[in-house]
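Visitor: The structure is given below, and queries will be raised subsequently.
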Amino acid sequence: MSAKHSDYSFGGKRDDGFTLIELMITLVVGSIVALAAFSTYSLQSKTFSTQRQVSKVQQDMRGALYMMESDLLNGFRDPNMSGRYTMTDIRPYDYRPGQLDTRLGPSAFAMPAAAALAAGNNIYYQSYPVLEFSALRQDTDGDGAGDTPVTIRYQICDFNNDGRPDLGRRIVLGGTPPGVIVGPPALVAEGVVAVGYAFAFNLNPNGKYEITRTPPVAGGDPLGNIIWAVDSDGDNQLDTNIDVTGDGQITLADDISGDGIINVLDNAAAALPAPVDIRNGNVVAVKIFLLLQSDRQSPENVIDTNQYVVADRIIPPPPLFPNGFQDRYKRRVKTVTVAFRNYRKS
């Protein structure tokens, strides 16, 4: 009699494997877990990339402002009140390579076409103001005494011709003009897409930095203490007080007309009674504005809807872009006020 074939595995139980339903459930659960893990990784990767861009922008900004502040404080350290250390140029210059000493005319700024901005053009203006001043004299003959005047200029230029403005620092020995340019500008910060300066000015400085606006004095100071004024037409003459609201700050509220420029259209009283020359040594402080932008758009879907105040300009200008840039570039604007303690007395 033949033996029957056994349908049972060791242990007496039948081994048929997973059913189709069990395999499908396992596949679905595994897919959900994998998708969740990938989503978490993707989110963290985007966040890390964004934070890295923001960190670089902030680091460049802090470094640039620190260098500018240090230069200004050292440059205007004049214990003997000699009057040799003063602002020399705040006019706008072309930013393009090879055009560092080319001015675009009497207008302080020239806006590009709206279409260029809408297309993501990083150049918001064709020219940007410089900040040039006479600094302490340099010892060029090795006798231990400063003998040659030094002029320092901070200027927007495109170092690597990538269409993205940068901030550079240039040294001129022997004054300007004619002077001797000491090499090309040194890179201070990348992606400085806008720069602006506002000045506190006092025709009768008294050795102190006045932080509030003082009115004109009949028969004496015809202007009072100017805080904060700009050269609106590029002639080295301060002519417009851009603290329209009189609170000592420069904000979006000062652009009352909403045209993107803080000027006499916001308040007729913003026009100074008479222009004042920044080269006569009575600038008592400067407020520096830097707007930096990341080199690429963030992978995060966070749109920039901000308006940025850079001295007397609102970037982007509200008439063209009422809702900000509407892109994913990361931008930061920062200001620093440098007060000159040892400026010349009248």
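Visitor: With respect to SER42, determine if the residue is surrounded by 10 or more Cβ atoms within 10 Å (Cβ to Cβ), out of contact with any Lys or Arg (no Cβ under 9 Å at 6 or more places or on another chain) and modelled with pLDDT under 75.
Guide: So SER42 fits the description; yes.
Visitor: Further question: Filtering segment 299-343 down to residues that are in a loop (DSSP other than H, G, I, E, B) and among the charged types (D, E, K, R), which residue is farthest from the chain's Cα centre (by Cα)?
Guide: Top of the filtered list is ARG341.
Visitor: Going by what's in this entry, would ALA64 be described as at pLDDT 80 or above and open to solvent by 30 Å² or more (accessible area, probe 1.4 Å)?
Guide: So ALA64 fails the test.
Visitor: Same structure, new question: Name the single residue that is nearest to ASP233 (Cα to Cα) among those in segment 296-313 being of a type in the set (Val, Ile, Thr) and crowded, with 21+ Cβ neighbours inside 10 Å.
Guide: Among those that are of a type in the set (Val, Ile, Thr) and crowded, with 21+ Cβ neighbours inside 10 Å, it is VAL310.
Visitor: Filter segment 243-261 down to the residues that are under 21 Å from ASN202 (Cα atoms) and either among the aromatic types (Phe, Trp, Tyr) or at pLDDT 90 or above (or both) and list them by number.
Guide: Scanning segment 243-261 gives a single hit, ILE250.
Visitor: Just one of (1) over 20 Å from ASP231 (Cα atoms); (2) open to solvent by less than 30 Å² (accessible area, probe 1.4 Å); (3) in contact with an Asp or Glu (Cβ under 9 Å, 6 or more places away or on another chain); (4) modelled with pLDDT of 85 or more trips up TYR329, so point out which.
Guide: Tallying (1) over 20 Å from ASP231 (Cα atoms); (2) open to solvent by less than 30 Å² (accessible area, probe 1.4 Å); (3) in contact with an Asp or Glu (Cβ under 9 Å, 6 or more places away or on another chain); (4) modelled with pLDDT of 85 or more, TYR329 fails exactly one: (2).
Visitor: Has segment 138-145 got any residue that is modelled with pLDDT of 75 or more and not in a loop (DSSP other than H, G, I, E, B)?
Guide: no
Visitor: If I filter segment 276-295 for residues that are part of a loop (DSSP other than H, G, I, E, B) and surrounded by fewer than 16 Cβ atoms within 10 Å (Cβ to Cβ), do I get at least one hit?
Guide: Looking for residues that are part of a loop (DSSP other than H, G, I, E, B) and surrounded by fewer than 16 Cβ atoms within 10 Å (Cβ to Cβ), one finds at least one in segment 276-295, hence yes.
The values are calculated or read from the model by the stated rules, or taken from the named source; none is laboratory data. Just so we're clear, the structure is a prediction, and the values are computed from it rather than from any experiment. Note that each Cβ is placed from the backbone with ideal geometry, even for glycine, and that neighbours are counted across all protein chains shown. Accessible surface areas use protein heavy atoms only, side chains included; no ligands, DNA or RNA. Shrake-Rupley method; radii C 1.70, N 1.55, O 1.52, S 1.80 Å.
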